[in-house]
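The values are calculated or read from the model by the stated rules, or taken from the named source; none is laboratory data. Here the structure is a predicted model, which means the values were calculated and not measured. Here the Cβ positions follow ideal geometry from the backbone for every residue, glycine too, while neighbour counts run over all protein chains shown. Ligands, DNA and RNA are excluded from the accessible area calculation, which covers all protein heavy atoms including side chains. Shrake-Rupley method; radii C 1.70, N 1.55, O 1.52, S 1.80 Å.
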Amino acid sequence: MLAAGQNVLHPHSPAAQKITDLWWVMFGVSVVGLALVATLLTLGWIRRNRASLPFGGGERGATALVIGLGIGMPLVLLTALFVWSDIFVIRSTAAPSPRSTSMTVRVIGHQWFWEIRYPNTAAVTANELHIPTHTRVDVEGTTADVIHSLWVPELNRKIDLIPGRTSSVLLYADRPGTYVGECSEFCGLQHAHMLLTVIAQPRTQFDAWLHGNVEPALASSGTGTQVFMDKCASCHQIRGTDAHGQVGPDLTHVARRTTLAAGTIPNDRTHLAEWLSDPQHVKPGNKMPQVRLSAADRAALVAYLEGLK
Ligand code: CUA
């Protein structure tokens, strides 16, 4: 819904460029192969009542043609494409060795959101992955439940997040910007609403963001805070408070995110109020229960959450 600029053919990193190049070459080879086969078939059909080959020769010539064009050429072409894709593309787009990585980020797939952690810091967020530009970021992907697949087409290939395993992929953005990713493995009812937005920022901006995220939430004690501690704290965490729930996303700085529910709705007061009054209507099947709240309590809760900058 909020996705824009998701194009495999618009690479913004060296890895994505290699994948795009490979795609064009495979496309080109397929087109030439198809044209060749179609031409031979047409020729064969036109000459179906004649016993001889168009360039002379008998049975032997026909056998040579079948072996050469029908078996030899596909074998050579497919082997060449396999070697190129495996050795030159897949390996070079795989995660680099730790020595060459400037930064590690952990991404954990959930039904249906992405939990994002920055190792060695207290920073936790959801669905919006901030990375510095011109930095090799090693993403370590795991899952909290079923198989998900993390894919940011403009930055690199996809990786499957498989229970019990850690997969990794290198993300590198050559310019600041927003790169839209998706879950690309069917993972249940809301698979389609599992957006991962990568926000690539110049180093200083990224550092400021990370520094801000590490900070706990500002202390507050209004009605909204009370309602949250009563109704939401068993599932959500707000660092610096008594809310330590781990079922849903960390909400310490939720007001800084641009969307809610993994890109399903924009993050503003109206949509948040709608979400709180009936989350199953907005995103059917998600784990957020419908919490009964008076209109006043809901308004106070919205004000509290939207104040978590
Ligand atoms: Cu997660 Cu599809």
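A few remarks follow.
- Sorting GLU140, GLU59 by solvent-accessible area of protein heavy atoms yields GLU59, GLU140, largest first, with a 1.4 Å probe.
- With R₀ set to 45 Å, the beta-carbon distance separating GLU215 from ALA80 gives a calculated FRET efficiency near 0.25.
- Ordering of 167-180, 217-230 by packing [mean C-beta count within 10 Å, highest first]: 167-180, 217-230
- Extending 7 Å from Cα along the Cβ direction at ILE87 and again at ARG292 yields two label points whose distance is 6.9 nm.
- Once the mean of 1/r is taken over each pair of separate Cα atoms and inverted, region 166-262 shows a Kirkwood hydrodynamic radius of 16.0 Å.
- For region 82-239, Kirkwood radius (reciprocal of mean inverse C-alpha pair distance, Å): 16.9 Å
- Of all DSSP bridge pairs formed entirely within the chain, close to 70 percent run antiparallel.
- When nucleic acids and ligands are ignored and a 1.4 Å probe is applied, LYS231 ends up with an accessible area of around 100 Å².
- FRET efficiency estimate (nearest 0.05) - Cβ-Cβ, LEU9 to GLU306, R0 45 angstrom: 0.75
- Once C-alpha pairs closer than 8 Å and six or more residues apart are averaged by separation and normalised to the residue number of the chain, the relative contact order reads 16 percent.
- The chain - percent of accessible surface contributed by carbon and sulfur, probe 1.4 Å: 61 percent
- Protection proxy ranking of 81-89, 183-191 - average other beta-carbon atoms within 10 Å, highest first: 183-191, 81-89
- Quarter of Cα convex hull surface for region 58-137, i.e. mean projection, nm²: 9.4 nm²
- Selection from TRP114, LEU43, ASN156 lying farthest towards where the dipole of the chain points positive, charges on Cβ: LEU43
- The residue among ALA15, ALA295, LEU34 whose Cα reaches farthest toward the positive pole of the charge dipole of the chain, with charges on the beta-carbon of Lys, Arg, Asp and Glu, is LEU34.
- For HIS236, the accessible area of its heavy atoms, probed at 1.4 Å with every protein chain present, is near 30 square angstrom.
- Remark: the chain carries 53 Å² of accessible area per residue (probe radius 1.4 Å; ligands, DNA and RNA excluded).
- Cα-centred dipole magnitude for region 138-280, charges only on beta-carbon of K, R (+1) and D, E (-1), debye, nearest 20: 180 debye
- Kirkwood analysis of the Cα pair distances in the chain returns a hydrodynamic radius of 22.5 Å.
- Where N is the number of residues in region 101-165, Cα Rg divided by 2.2 N^0.38 Å: 1.08
- Sites VAL66 and THR178 - FRET efficiency at Förster radius 51 Å, r taken between beta-carbons, to 0.05: 0.45
- In degrees, nearest ten, helix 14-46 long axis to first principal axis of the chain (Cα): 40 degrees
- The distance between label points at ARG136 and SER30 comes to 3.2 nm (points 7 Å beyond Cα on the Cα→Cβ vector).
- Cα centroids of region 144-166 and region 219-282: 26 Å apart.
- Dividing the Cα radius of gyration of region 137-211 by 2.2 N^0.38 Å, with N the residue count, gives 1.18.
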